[in-house]
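Novice: A single structure is presented below for examination.
The values are calculated or read from the model by the stated rules, or taken from the named source; none is laboratory data. Quick caveat, the model's predicted, so the values are computed rather than measured. So basically every Cβ, Gly included, is an ideal-geometry build from the backbone, and we count neighbours across all protein chains shown. The protein model used for the area step is the full one, side chains on, heavy atoms only, and it has no ligands, DNA or RNA in it. Shrake-Rupley method; radii C 1.70, N 1.55, O 1.52, S 1.80 Å.
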Amino acid sequence: YNDLFNTDWINYYKAIFRCNQLIAREDNIDWGGDTGAQGRVIGEARTLRGILYFDLVRLFGDVPLLTAPSEENIPRSPAKDVYQLIFDDLTLAKDYLKNYVRSGDNQKFKPNVAVVNGLLARAYLLTGQWEEAAKAAEAARAGYTLMTTTAEYEGFNNISNKEWIWGFPQIPSQSDAS
């Protein structure tokens, strides 16, 4: 298991490094005046960094907390500090993504405000903040209807599923097992 976890650890921190690079350079990027693109890209980076740390803290507890592009070997930070960064990143991501609207089901792989609220709900649950979790979950599911009974029998491998808030389109060979 050590090799598996070591590989995961390395890959998580590579992705965090890239998110940190983008976040740190936000003001130096030529967005060509497109504030919508800027909001979407930085919102996505904050969302991804938030979920990466969310996974790490659930897997390992205390983890090194890097918020700037650095390959420095730093000591682990307490889980409570990691969760605070998760909440901060996701809250900022909501603000950055507030005007972003996905253009159809094939864009469900891109995080939007509903996705961020869903992630916040999970983080609030794991930190015992029940009322905040309920509010975030309610906000996440707004605009998403439940599947019909007929749709349930069709399976859960269709990106057009109205319950899906976040997902990746599958190609036919990926759904052979379902």
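Novice: Is the range 66-130 best put as rounded, prolate or oblate by its Cα gyration tensor, with a ≥ b ≥ c the root eigenvalues, rounded for a/c under 1.5, and otherwise prolate when a/b is larger than b/c, oblate when not?
Specialist: Oblate, because a/c is 1.5 or more while a/b does not exceed b/c.
Novice: Something else about it: Is the C-alpha gyration tensor of the range 43-85 telling us rounded, prolate or oblate? Criteria: a/c under 1.5 is rounded; beyond that, a/b larger than b/c is prolate, otherwise oblate.
Specialist: Details: a/c = 1.90, a/b = 1.13, b/c = 1.68.
Taking the square roots of the gyration eigenvalues as a ≥ b ≥ c, the range 43-85 is oblate.
Novice: Please work out whether the range 1-156 counts as rounded, prolate or oblate from its C-alpha gyration tensor, where a ≥ b ≥ c are the square roots of the eigenvalues and a/c under 1.5 means rounded, while otherwise a/b larger than b/c means prolate and anything else oblate? Intermediate results must be reported in sequence, preceding the final value.
Specialist: Working: a/c = 1.70, a/b = 1.22, b/c = 1.39.
Taking the square roots of the gyration eigenvalues as a ≥ b ≥ c, the range 1-156 is oblate.
Novice: Further, regarding this structure: Output the DSSP H helices from the chain with an along-axis C-alpha extent of no less than 24 Å and a mean Kyte-Doolittle hydropathy no less than -0.5. Let's see the in-between values first.
Specialist: Working: long enough: 2-24 (32 Å, -0.19); 35-60 (37 Å, 0.35); 79-97 (26 Å, 0.09).
What comes out of the filter, once short or polar helices are dropped, is 2-24, 35-60, 79-97.
Novice: Still on this structure, please answer the following. May I ask you to list the chymotrypsin sites (Phe, Trp or Tyr not before Pro) in the range 1-103 that are in a DSSP loop and have at most 11 other Cβ atoms within 10 Å of their Cβ?
Specialist: On the way: sites: Tyr1, Phe5, Trp9, Tyr12, Tyr13, Phe17, Trp31, Tyr53, Phe54, Phe60, Tyr83, Phe87, Tyr96, Tyr100; in loops: Tyr1, Trp31, Tyr100.
Answer in residue order: Tyr1.
Novice: A further question on this structure: Count neighbours as other Cβ atoms within 10 Å of each site's Cβ, and list the GluC sites (Glu not before Pro) in the range 1-110 that are DSSP loop with at most 15 such neighbours.
Specialist: Numbers: sites: Glu26, Glu44, Glu71, Glu72; in loops: Glu71, Glu72.
Hits after loop and neighbour filter: Glu71, Glu72.
Novice: Next question. Compare Gly167, Gly104, Gly50 in a GNM of the chain, Cα atoms joined below 10 Å, and give the one with the largest fluctuation.
Specialist: Gly104
Novice: In square angstrom, rounded to the nearest 10, how much accessible surface does Ile165 have for a 1.4 Å probe?
Specialist: Only protein atoms counted, so the area is about 40 Å².
Novice: Here's a follow-up. Restrict the search to the range 1-51; then list the trypsin sites (Lys or Arg not before Pro) that DSSP places in a loop and that have at most 15 other Cβ atoms within 10 Å of their Cβ.
Specialist: Answer in residue order: Arg25.
Novice: Run the numbers on the chain and let me know its relative contact order in percent, using alpha-carbon pairs under 8 Å that are six or more apart.
Specialist: 18 percent
Novice: If you don't mind, there's one more thing I want to ask. Mind giving me the nanometre distance, one decimal, between the label points for Glu26 and Ser70, set 7 Å out from Cα along Cα→Cβ?
Specialist: It works out to 1.9 nm between the two label points.
Novice: Among Lys14/Lys110; Lys14/Lys162; Lys80/Lys110; Lys80/Lys162; Lys80/Lys108; Lys14/Lys135, which pairs are too far apart, with a Cα-Cα distance over 25 Å?
Specialist: Over 25 Å Cα-Cα: Lys14/Lys162; Lys80/Lys110; Lys80/Lys162; Lys80/Lys108; Lys14/Lys135.
Novice: What does the helix-only formula give at 222 nm for the chain: each DSSP H stretch with n ≥ 4 adding -39500 (n - 2.57), the total divided by the residues, and the result rounded to the nearest 500 deg cm²/dmol?
Specialist: Here the helix-only value at 222 nm equals -19000 deg cm²/dmol.
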